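Undergrad: What follows is a structure written as structure tokens; I'll ask about it next.
The values are calculated or read from the model by the stated rules, or taken from the named source; none is laboratory data. Note that the structure is predicted; figures quoted are calculated from it, not measured. So basically every Cβ, Gly included, is an ideal-geometry build from the backbone, and we count neighbours across all protein chains shown.
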Amino acid sequence: MKNTPKHMNSEDVAVLAFHHLRGTRNLSNRNVDCFIEGYKACNDPLVHDFAKFLEREGNYYLKEYADRRRESCGYSGQPLTRKHTEEFVAAEQLGTLLLKAAKLIREYKILN
């Protein structure tokens, strides 16, 4: 069995499922199949689509976060303060870093 999730195939995942379910009443073909499907459903977004996820989050913090935060403060009647400005600057910096990370992951083909 391979040590890293991105290199595991369905047989490796089945062995992993048997290992975790061994000695329990839950060991059945149906539960192992569910384990494999759940693993695949989680593995693809976390490993293969991670750069896309980072890009979405980076764009959110660069473009939408400050506007949504201002709207929520306006609805609640809370005035904007210097701390809000610092928060917006930090959000933009975070967005920039997330986009850089996504670019590096794609450029060097990490997690592919």
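Undergrad: Could you check how many residues of segment 30-45 are in contact (Cβ under 8 Å) with a residue 24 or more places away in the chain and surrounded by 13 or more Cβ atoms within 10 Å (Cβ to Cβ)?
TA: 3
Undergrad: Could you check segment 64-82 and list, in sequence order, the residues that are surrounded by 13 or more Cβ atoms within 10 Å (Cβ to Cβ) and either assigned to a helix (DSSP H, G or I) or under 15 Å from the mean Cα position of the chain (by Cα) (or both)?
TA: 65, 66, 69, 70, 73 - these are the residues of segment 64-82 that are surrounded by 13 or more Cβ atoms within 10 Å (Cβ to Cβ) and either assigned to a helix (DSSP H, G or I) or under 15 Å from the mean Cα position of the chain (by Cα) (or both).
Undergrad: Does segment 47-60 contain any residue that is of a type in the set (Asp, Glu), out of contact with any strand residue (DSSP E or B) (no Cβ under 6 Å at 6 or more places or on another chain) and either part of a loop (DSSP other than H, G, I, E, B) or at pLDDT below 90 (or both)?
TA: Yes, that holds for at least one residue.
Undergrad: Follow-up. Going by what's in this entry, would residue 86 be described as farther than 23 Å from residue 105 by Cα, more than 23 Å from the chain's Cα centre (by Cα) and at pLDDT 95 or above?
TA: yes
Undergrad: Taking residue 57, is it surrounded by 15 or more Cβ atoms within 10 Å (Cβ to Cβ), among the acidic types (Asp, Glu) and free of Cβ contacts under 8 Å to residues at least 60 places away in the same chain?
TA: yes
Undergrad: Do we have residue 94 as among the hydrophobic types (A, V, I, L, M, F, W, C) and either modelled with pLDDT under 95 or assigned by TED's automatic domain parsing to the domain that holds residue 13 (or both) here?
TA: no
Undergrad: Another question about this same structure. Quick one: residue 111 ticks every box in (1) touching a helix residue (DSSP H, G or I) at 6+ places or on another chain (Cβ under 7 Å); (2) assigned to a helix (DSSP H, G or I) except a single one, so which number is it?
TA: (2)
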